[in-house]
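Peer 1: Please read through the structure below; I'll follow up with questions.
Since every read-out is calculated from the coordinates, none of them should be taken as a lab result. Just so it is clear, the model here is predicted, and its values are computed rather than measured. Every residue, glycine among them, receives a Cβ derived from its backbone with ideal geometry; neighbour counts consider all protein chains shown.
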Amino acid sequence: MKTKTLKFSIKIFLLTLLTVITFSCDDEKESCGYDTEQDGFPFSCSEGMDVAFLIDYTGSMGGAIDDIKSSVSSIATTIVTQSGGNYRLALSIFDETPKGSSPTYLGQTDYVSLPAAQKTIISTGASTDQYLTMMETFSLANQTTFGTQLAKLNGPMALGSGSGFAEPGGLLFDEILNNNFAGAWRSGITKLAIIITDAPAGGDDDINNATDDTYLAGLAATANTLGVQCILVTSLATSNYQVQLVDNNTGGLKLMSADLNNVAADIISLIENICINNDEM
């Protein structure tokens with residue numbers, strides 16, 4: 001009887017101890033020796049960052065591009081700081097021209113010298129052609145080369161033209177998400193796609209309609225699957241990017257009616273905000 005009583009007492013003690021430990025871990029999980037915040041999406045920016053910039057390269061965007069160029073060091077420093085130095089940057093542009101014409105930069109050295117895989121021309125539209133260009137693919141700690149490529153925009157590499165109102169930013173985002181146009185996204189880190197434009201998305205027909213709405217909603221679903229968060233900076237009070245892409249994207253942010261001549265400061269604030277949000281989610 002004494003042996004049975006002793007064994008029973010030990011079981012009661014162990015169960016009580018386990019219960020105490022469990023409740024202690026519920027109250028202060030950090031002290032239990034495991035991480036509860038970063039088991040999955042969204043990941044903290046301190047885990048690392050892949051940041052893809054998608055810039056409208058049509059004729060009305062010169063001021064915004066120049067502002068980004070003048071502040072590239074501050075933007076990059078923000079990403080370096082938030083990521084702890086574990087970052088990769090990509091730089092891409094989208095443009096459009098009427099059939100029968102082409103952007104001036106197509107014949108310029110800085111475009112011609114890019115690898116063929118970084119240049120896509122879409123000619124399926126009835127009246128317009130779209131030009132998607134990856135100036136800088138993802139590369140670890142590539143602040144310097146990113147800055148070098150950015151400096152070519154609206155400079156040695158002439159600004160594009162555009163056609164009508166809608167522009168093909170959605171097509172570029174599709175290439176980056178689905179065809180590794182910037183290179184493959186890394187896993188277990190913060191992944192951002194920053195779209196900077198003063199126009200809605202229009203596909204290959206220079207028209208923004210219900211077809212584009214469905215297309216953008218599909219891109220939002222793909223981005224969610226990949227864990228890519230979208231940041232939209234635009235001069236438009238509302239657009240299909242906002243309603244169909246960002247509003248359907250998990251953890252995405254937008255800045256509407258932005259002064260695109262002060263876009264660099266807006267980008268820095270949005271990156272900082274998304275990093276704060278990721279830590280709190």
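Peer 1: Among 212-220, 119-127, 182-190, how do they line up from the highest to the lowest mean number of other beta-carbon atoms within 10 Å?
Peer 2: So the peptides 212-220, 119-127, 182-190, ranked by packing, come out 212-220, 182-190, 119-127.
Peer 1: Mind counting lysine pairs for me in the chain? Cα separation below 23 Å, and the two need to be 8 or more apart along the chain or on different chains.
Peer 2: 9
Peer 1: Moving to a separate point now. Take the Cβ-Cβ distance between residue 256 and residue 60 as r, set R0 to 30 Å, and report the resulting FRET efficiency rounded to the nearest 0.05.
Peer 2: With R0 = 30 Å, the Cβ-Cβ based efficiency is 0.95.
Peer 1: Please arrange 58, 144 by how many other C-beta atoms lie within 10 Å of their C-beta, fewest to most.
Peer 2: Lowest count first: 144, 58.
Peer 1: In whole Å, how far is the Cα centre of the stretch 93-127 from that of the stretch 177-242?
Peer 2: Computed from Cα coordinates, the inter-centre distance equals 20 Å.
Peer 1: Still on this model: Please work out the ratio of the alpha-carbon Rg of the chain to 2.2 N^0.38 Å and round it to two decimals.
Peer 2: 1.27
Peer 1: I would also like to ask the following. Full extension from residue 73 to residue 276: what is 0.36 nm times the residue separation minus their Cα-Cα distance, to one decimal in nm?
Peer 2: Details: separation 203, 0.36 × 203 = 73.08 nm, distance 2.11 nm.
Between residue 73 and residue 276, full extension yields 71.0 nm more.
Peer 1: Separate question: Rounded to the nearest 0.05, what FRET efficiency is calculated for residue 123 and residue 209 with R0 set to 22 Å and r the Cβ-Cβ distance?
Peer 2: Efficiency at R0 = 22 Å is approximately 0.60.
Peer 1: For a quick check: sort 57, 87 by the number of other beta carbons within 10 angstrom, fewest at the front.
Peer 2: Neighbour counts put them in this order, fewest first: 87, 57.
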